Amino acid sequence: MTDLLRLATAGSVDDGKSTLIGRLLYDAKAILADQMEHVEEVSKRRGSDVPDLALLTDGLRAEREQGITIDVAYRYFATPKRKFILADTPGHVQYTRNMVTGASTADLAIVLVDARHGVVEQTRRHAFLASLLGIRHLVLAVNKMDLVDWEQATYDRVVADFGALAEQLRVPDVVAIPMSALLGDNIVDRSANLSWYDGPALLEHLEAVEVHEEIALEGARFPVQYVIRDQATDYRGYAGQVAGGVLRVGDAVQVLPGGRTTTVAAIDTFEGEIVAAPAGQSVTVRLADDIDVARGDLLAAGPAPLASRELTAEVCWMAEAPLRAGGRYALKAATSSVRAIVDEVSDRLDVANLTAFPGPAELALNDIGRVRLRVSRELAVDPYAVNRATGSFILVDEASNETVGAGMVLAPT
Amino acid sequence: MSGTSVRTLTHLQALESEAIHVMREVAAELEHPVLLFSGGKDSIVLLRLAEKAFRPARFPFPLMHVDTGHNFPEVIEYRDRRVAELGERLIVASVQESIDTGRVKEQTGPRASRNQLQTTTLLDAIEEHGFDAAFGGARRDEERARAKERIMSFRDDFGTWDPRRQRPELWNLYNGRLRKGEHVRVFPISNWTELDVWQYIAEEQLEVPNIYFSHEREVFARDGMLYATSDHMELMEGEEPFTTRVRYRTVGDMSCTGAVQSDAPDLESVVTEIAATRITERGETRADDRVSEAAMEDRKVAGYF
């Protein structure tokens with residue numbers, strides 16, 4: 001049985017990102033003949049003998065005309081062991097907004113470094129954003145090793161520099177791999193040019209890395225999405241997707257907000273009843289007691305979530321008009337929709353240097369900062385660092401209906 | 001952990017659960033959704049996902065087919081049977097009617113196709129019924145422009161898609177807030193590949209129209225593709241019909257959907273062929289994408305599926 005790994009890459013063409021993705025897709029046979037023909041044809045028309053693999057991911061007319069990537073593109077490839085969904089995020093235009101979007105669903109991020117230049121500001125930004133978005137697995141891809149004569153000393157220096165950076169991050173698993181995406185060294189097969197390196201090639205690592213931590217969480221979480229009622233069969237069930245841990249029949253659960261307790265009487269699927277559902281599975285739950293449960297409620301087993309009308313969160317701002325104290329927005333967290341008022345923008349982060357500018361501030365487009373919010377009714381959440389599914393929210397401008405902010409709940413201090 | 005051990009979801013289970021989650025979000029947050037059902041493999045998967053999302057209750061939305069009048073008769077027969085089995089309601093929006101009432105003008109000549117005309121019929125039907133969400137079976141792996149599409153994708157009151165101003169889509173938190181006259185297109189199987197769809201059909205033992213399996217058919221070659229001879233297709237000079245064994249990889253209009261030569265008589269052999277293919281499904285069998293480099297993007301901007 002194959003499982004699913006969602007990964008994100010970030011970087012610019014200069015790092016060899018497109019070449020790396022092209023290589024992965026090509027070697028995993030996810031680029032088909034007509035797509036390759038198209039790339040070769042367009043590349044030739046533009047006067048290039050080498051196929052420009054960026055054309056595979058740059059899908060929009062404006063992107064191809066301007067030679068830039070303006071939006072996250074999703075790519076799919078598979079090996080006999082795993083299926084991969086790759087969110088390819090552009091490195092320049094609107095990079096924070098795009099990278100945050102791509103990283104929000106990723107289990108793993110590949111941070112690309114040019115071996116000649118080592119850890120640069122962009123490396124720090126990418127690694128920091130991956131960490132902020134709760135990605136627990138990083139691959140430091142030290143690329144273009146062919147241009148530094150495959151030297152171990154260069155690689156060791158990059159790894160040491162990145163190690164100092166990684167200490168400031170919340171990423172428990174960092175694996176560095178020397179490679180040449182252009183020549184295919186250490187992408188699918190281990191490289192003879194890099195015989196001093198005894199770790200896995202990139203694809204080998206992607207196939208093997210264990211990423212399903214959300215199932216191991218202690219407290220099961222189940223945001224109620226939709227109530228299924230059927231009069232003919234007198235059926236009433238609470239539909240949703242398990243958002244952490246394993247939900248089991250017989251579990252004592254709190255219904256939040258409110259805090260009433262009941263027991264999971266049954267877990268239904270289209271195929272019949274099951275005894276347990278892991279994080280990620282969509283099911284329908286029946287409860288032992290006839291209590292009022294609706295969309296937006298959270299069923300929680302194990303350690304109690306935070307339930308409050310105030311939250312502190314790291315917010316990534318995505319709108320032209322800045323986020324300021326006093327701003328009012330619609331807030332959606334899991335299946336709850338409430339209204340929120342910004343009490344304070346406590347600080348703004350310098351993503352390149354990982355330092356915070358304290359004091360009252362405002363967040364401009366692509367800024368990230370710490371924000372205190374008051375919400376219109378009690379909201380049950382977890383710290384994002386504990387559970388991404390129940391610790392994240394979006395802010396929506398109530399006038400334009402645009403999604404303007406991405407929030408990650410912080411533990412109360 | 002206590003009790004029975006629980007395994008990580010397989011990739012198909014994970015994709016299935018994601019799609020069910022999307023469908024339930026739409027049912028909960030939007031007022032008048034509709035599910036676009038063509039009788040093709042992707043929308044067949046959508047119907048099974050809707051069963052998994054909402055049974056034992058009925059679907060909280062009707063089904064709708066934009067019927068060009070040039071569909072394969074086998075597919076229309078399958079469509080009606082499947083809808084009857086499910087006991088759900090089907091709305092048929094007819095391109096012929098749009099032509100008859102003068103909303104659109106039929107193309108003429110041997111390359112005439114009703115493919116583009118569907119957009120007007122679709123948008124008219126969405127407006128007439130007051131739909132604010134339309135589920136479609138489009139996938140990101142199908143085509144370059146679709147790779148950039150959101151799972152829940154905003155359309156303004158002209159039905160227009162603006163690829164440069166899409167709402168960011170974070171985690172699984174979809175923003176379905178709309179003003180009157182606007183709607184969202186929702187693609188629950190965005191993250192599925194063609195192979196995933198076939199593996200799922202095989203695993204779920206879903207019936208599909210028989211034209212997806214190898215059968216004898218009278219065809220003619222045009223632009224490197226094999227088209228079925230029919231009343232809807234005018235032959236051009238030098239085009240000689242012949243009979244061979246083919247199957248279809250995609251199901252659209254007879255006028256824009258090509259067949260592939262194949263001896264695959266059943267699901268298992270189709271899955272094997274798809275896994276080994278070196279050409280994309282739309283590249284191999286869809287004339288509507290060949291008009292220009294951005295043919296799909298241009299049609300999507302105008303409101304196409």
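The values are calculated or read from the model by the stated rules, or taken from the named source; none is laboratory data. Predicted, not measured: the structure shown is a model, and the values here were computed from it. Cβ: placed from backbone, ideal geometry, glycine included. Neighbour counts: every protein chain shown.
Among the listed residues A:R116, A:R157, A:R170, identify the single one that is away from every other protein chain (no Cβ under 14 Å), within 15 Å of the chain's Cα centre (by Cα) and among the basic types (K, R). Before you say what the answer is, go through the steps one by one.
Details: A:R116 fails: within 15 Å of the chain's Cα centre (by Cα); A:R157 fails: within 15 Å of the chain's Cα centre (by Cα).
The unique qualifying residue is A:R170.
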#### Entry: Considering residues of the range A:239-258 that are out of contact with any Leu (no Cβ under 7 Å at 6 or more places or on another chain) and in a strand (DSSP E or B) only, the residue farthest from the other protein chains (Cβ to nearest Cβ)
A:Q254
### Query
On the given criteria, is B:A202 surrounded by fewer than 19 Cβ atoms within 10 Å (Cβ to Cβ), of a type in the set (G, A, S), touching a helix residue (DSSP H, G or I) at 6+ places or on another chain (Cβ under 6 Å) and modelled with pLDDT of 85 or more?
yes
### Query
Do you know which of the residues in the range A:259-277 that are more than 14 Å from chain B (Cβ to nearest Cβ) and touching a residue at least 24 places away in the same chain (Cβ under 8 Å) is surrounded by the most Cβ atoms within 10 Å (Cβ to Cβ)?
A:T262
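Taking into account only those residues within the range B:168-177 that are in a loop (DSSP other than H, G, I, E, B) and facing chain A (nearest Cβ under 7 Å), which is modelled with the lowest pLDDT? Give the derivation first.
First pass over the range B:168-177, keeping only residues in a loop (DSSP other than H, G, I, E, B): B:168-169, B:171-172, B:174-177.
So of that shortlist, the ones also facing chain A (nearest Cβ under 7 Å) come out as B:168-169, B:171, B:175, B:177.
Values: B:P168: 91, B:E169: 94, B:W171: 96, B:N175: 97, B:R177: 96.
Among those that are in a loop (DSSP other than H, G, I, E, B) and facing chain A (nearest Cβ under 7 Å), it is B:P168.
Restricting attention to the range B:141-158, does a residue exist that is outside any loop (DSSP other than H, G, I, E, B), of a type in the set (S, T, N, Q) and out of contact with any Phe, Trp or Tyr (no Cβ under 9 Å at 6 or more places or on another chain)?
no
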### Query
Cβ-Cβ below 6 Å, separation at least six or inter-chain, first residue in the range B:150-171 and aromatic (F, W, Y), second assigned to a strand (DSSP E or B): which pairs?
B:F154/B:V184; B:W171/A:S392
### Query
Do we have B:A28 as within 8 Å of chain A (Cβ to nearest Cβ) and either under 29 Å from A:E214 (Cβ atoms) or in a helix (DSSP H, G or I) (or both) here?
yes
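Only one residue in B:L195, B:L178 is within 30 Å of A:K29 (Cβ to Cβ) and surrounded by fewer than 23 Cβ atoms within 10 Å (Cβ to Cβ), so which one is that?
Numbers: B:L178 fails: within 30 Å of A:K29 (Cβ to Cβ).
Going through B:L195, B:L178 in turn, just one is within 30 Å of A:K29 (Cβ to Cβ) and surrounded by fewer than 23 Cβ atoms within 10 Å (Cβ to Cβ): B:L195.
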### Task
For the range B:178-192, name all the residues that are under 20 Å from B:K300 (Cα atoms) and part of a loop (DSSP other than H, G, I, E, B).
B:L178, B:G181, B:E182, B:F187, B:P188, B:I189, B:S190, B:N191, B:W192
### Message
Just to verify a result, which residue in the range B:31-70, among those that are more than 13 Å from chain A (Cβ to nearest Cβ) and small (G, A, S), is farthest from A:V285 (Cα to Cα)?
### Response
B:G69
### Query
In the list A:G67, A:G11, which residue meets the criterion of being more than 9 Å from chain B (Cβ to nearest Cβ), at pLDDT below 70, at positive phi and more than 19 Å from the chain's Cα centre (by Cα)?
A:G67
### Summary
With criteria (1) surrounded by fewer than 18 Cβ atoms within 10 Å (Cβ to Cβ); (2) touching a strand residue (DSSP E or B) at 6+ places or on another chain (Cβ under 7 Å); (3) modelled with pLDDT under 95; (4) on the phi < 0 side of the Ramachandran plot, B:I91 comes up short on (3)
### Among residues of the range B:59-112, those that are part of a loop (DSSP other than H, G, I, E, B) and closer than 27 Å to B:G258 by Cβ, counted
14
### Any hit, the range B:247-264, residues being part of a helix (DSSP H, G or I), closer than 12 Å to B:Y212 by Cβ and touching a residue at least 12 places away in the same chain (Cβ under 8 Å)
no
### Query
Can A:L298 be described as modelled with pLDDT under 95 and within 24 Å of A:T105 (Cα to Cα)?
no
### Query
Given the structure, is B:D223 surrounded by fewer than 21 Cβ atoms within 10 Å (Cβ to Cβ) and among the charged types (D, E, K, R)?
yes
### Query
Hey, A:E314 hits all of (1) within 14 Å of chain B (Cβ to nearest Cβ); (2) not in a strand (DSSP E or B) but one; which does it fall short on?
(2)
## Note on the structure
Taking the range A:372-413 and keeping residues out of contact with any Ser or Thr (no Cβ under 7 Å at 6 or more places or on another chain), over 23 Å from A:G280 (Cα atoms), touching a residue at least 40 places away in the same chain (Cβ under 8 Å) and within 14 Å of chain B (Cβ to nearest Cβ) leaves A:L395, A:D397, A:E398, A:E402, A:T403, A:V404, A:G405
### Summary
Inside the range A:26-50, the number of residues satisfying the requirement of being more than 10 Å from every other protein chain (Cβ to nearest Cβ) and modelled with pLDDT under 75 is 3
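Out of B:F72, B:F61, B:F37, which single residue is among the aromatic types (F, W, Y) and free of Cβ contacts under 8 Å to residues at least 60 places away in the same chain? So that I can check it myself, show each step before the final result.
Working: B:F72 fails: free of Cβ contacts under 8 Å to residues at least 60 places away in the same chain; B:F61 fails: free of Cβ contacts under 8 Å to residues at least 60 places away in the same chain.
Result: B:F37 is the single residue among B:F72, B:F61, B:F37 that is among the aromatic types (F, W, Y) and free of Cβ contacts under 8 Å to residues at least 60 places away in the same chain.
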### Task
Taking A:N366 as meeting all but one of (1) within 14 Å of chain B (Cβ to nearest Cβ); (2) at pLDDT 95 or above, write down the number of the exception.
(2)
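Among the residues of the range A:183-225, which ones are under 30 Å from A:G237 (Cβ atoms) and of a type in the set (G, A, S)? Talk me through it step by step, then tell me what you get.
Taking the range A:183-225 first, the residues under 30 Å from A:G237 (Cβ atoms) are A:212-225.
Those that are under 30 Å from A:G237 (Cβ atoms) and of a type in the set (G, A, S): A:A216, A:G219, A:A220.
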### Task
From (1) part of a strand (DSSP E or B); (2) more than 17 Å from A:Y384 (Cβ to Cβ); (3) within 10 Å of another protein chain (Cβ to nearest Cβ), pick out the condition that doesn't hold for A:G280.
(1)
### Task
Answer yes or no as to whether A:V285 is closer than 30 Å to A:D156 by Cα, in contact (Cβ under 8 Å) with a residue 60 or more places away in the chain and outside any helix (DSSP H, G or I).
no
### Query
Counting only residues that are away from chain A (no Cβ under 12 Å) and among the aromatic types (F, W, Y), how many does the range B:107-164 have?
3
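Go through the range A:107-150 residue by residue and tally those that are more than 30 Å from A:I215 (Cβ to Cβ) and outside any strand (DSSP E or B). Step through it out loud before you land on a result.
Kept after step one, since they are more than 30 Å from A:I215 (Cβ to Cβ), are these residues of the range A:107-150: A:113-125, A:142-150.
Still in the running and outside any strand (DSSP E or B): A:115-125, A:144-150.
Number of matching residues: 18.
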### Task
Looking at (1) in contact (Cβ under 8 Å) with a residue 60 or more places away in the chain; (2) aliphatic (A, V, I, L, M); (3) in contact with a strand residue (DSSP E or B) (Cβ under 6 Å, 6 or more places away or on another chain), find the lone condition where A:A30 falls short.
(1)
### Task
Take the range A:14-30 and flag every residue that is within 8 Å of A:F77 (Cβ to Cβ) and part of a helix (DSSP H, G or I).
A:L24, A:L25
